[in-house]
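Here's the structure we're looking at; comments come further down.
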Amino acid sequence: MTQFIQLHLLTAYPPSNLNRDDLGRPKTAIVGGTTRLRISSQSLKRAWRTSELFQEKVANGLGDRTKLFGRDIFLYLIKGGVSFNSALDCAKRISGVFGKNESPIDLKKKKEAEKEKLHLKLQQKWRFWDKEALGIPEYSLKQLNDLLAIEISQLAFIGSEEKANSYKLADLVIEGNELPKSLDVLRKTTKNTDIAMFGRMLADMPGKNIEAAVQVAHAITVNPIKIEDDYFTAVDDLNTHEEDAGAAHIGDAGFASGIFYEYICINRDQLVKNLQGDENLANQAIAALTEAAAKIAPTGKQNSFASRAYTSYLMAEKGTQQPRSLSVAFLKAMRGDDPLKQAI
């Protein structure tokens, strides 16, 4: 029978704005008829997997979640002496394994002023990316526009073994060979713990999807909340106030505080399968995830609020029983002067 590990955490955050909505306000949810603070599952997972704590605890490193891998392949080919057209075609094919390639902009529909503006924009982008000064920003508008096709339209989780396979294919082109008709790049399993835990979906290659072994719920506060506004001003240090005694900047930021219930369900059997049967690596991953969940907070507005916190209470369960969240215990909001004790 399937072995599950379930983690239930209670973490109290002081005034904070850890995860914002499209208006910059803390995310919320209605639970049991009352408004609660919410931290999205995506925000939590990214904070954990990119933390130094997590990366130091696992042996095989992380995959890359990106749309831009084709740029690295293209630069590698150019550095290896491959012509622009060959490098473009090769990078496009390799990146296209991971998702649908972007389309270049139709320059025929652009006025000259618009073309000049677009050229400057693309040049600026490649000035940042061309760290080895290979001259990419000096390409013509048509060339830089064609390079848009080496990017893919959606983020893809790319494993370290898949990256290595991609560079081997690029080496073939550098050596003067053609790419094979079928590119053997994708893998159904991985040695990268973050991909094994959180899974991967490839719409065009469903046979290479990796089923997530870890499910993470949106964290919600066990207590009702009210979002407040921090009205703030900034002072210009060089302003002597002889001409203008006002502030140099005025703004406001939403914030709130609360005790969050977090729920994580780990399918250990699936995790071992995703990690090519490596039990030790699976155990490392589970330990790293547990510690990260207990210690790592999302990064939203941390410089403004310093709202870092460790988990106050953690309960772990292991067994083959059907998993279930304990969020129903908090349908009725915790009130009073000791909500943490009530929640426990």
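The values are calculated or read from the model by the stated rules, or taken from the named source; none is laboratory data. Just so it is clear, the structure is predicted and the values come from calculations on it, not from any experiment. Cβ: placed from backbone, ideal geometry, glycine included. Neighbour counts: every protein chain shown.
Quick notes on this structure:
Residue by residue, here is whether (1) of a type in the set (S, T, Y); (2) in contact (Cβ under 8 Å) with a residue 40 or more places away in the chain; (3) in the same structural domain as Q276 (by TED's automatic domain parsing) holds:
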{"position": "L147", "(1), (2), (3)": "no, yes, no"}
{"position": "I150", "(1), (2), (3)": "no, yes, no"}
{"position": "K168", "(1), (2), (3)": "no, no, no"}
{"position": "V214", "(1), (2), (3)": "no, yes, yes"}
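- Residues satisfying the stated conditions in the range 119-141, i.e. outside any loop (DSSP other than H, G, I, E, B) and touching a helix residue (DSSP H, G or I) at 6+ places or on another chain (Cβ under 7 Å): H119, L122, Q123, W126, R127, W129, I136, P137, L141
- Considered as a group, the residues in the range 154-176 that are β-branched (V, I, T) and assigned to a helix (DSSP H, G or I) include one that is nearest to G96 (Cα to Cα), and that residue is V173.
- Single residue of A156, A217, A212 found to be among the aliphatic types (A, V, I, L, M) and over 30 Å from G32 (Cβ atoms): A156
- Qualifying residue in the range 280-300 (condition: in a strand (DSSP E or B), at pLDDT 95 or above and either aliphatic (A, V, I, L, M) or touching a Pro at 6+ places or on another chain (Cβ under 9 Å) (or both)): no
- Selection status of Y310, surrounded by fewer than 17 Cβ atoms within 10 Å (Cβ to Cβ), among the aromatic types (F, W, Y), under 26 Å from the mean Cα position of the chain (by Cα) and on the phi < 0 side of the Ramachandran plot: yes
- Among the residues making up the range 212-237, those that are out of contact with any helix residue (DSSP H, G or I) (no Cβ under 6 Å at 6 or more places or on another chain), assigned to a loop (DSSP other than H, G, I, E, B) and of a type outside the set (K, R) are A217, P224, I225, I227, V235, D236, D237.
- Scanning the range 316-344 for residues that are in contact with a His (Cβ under 9 Å, 6 or more places away or on another chain) and either farther than 13 Å from C265 by Cβ or among the acidic types (D, E) (or both) returns a single hit, E317.
- The range 92-118 - residue that is touching a residue at least 40 places away in the same chain (Cβ under 8 Å) and in a helix (DSSP H, G or I) and, of those, farthest from I78 (Cα to Cα): G96
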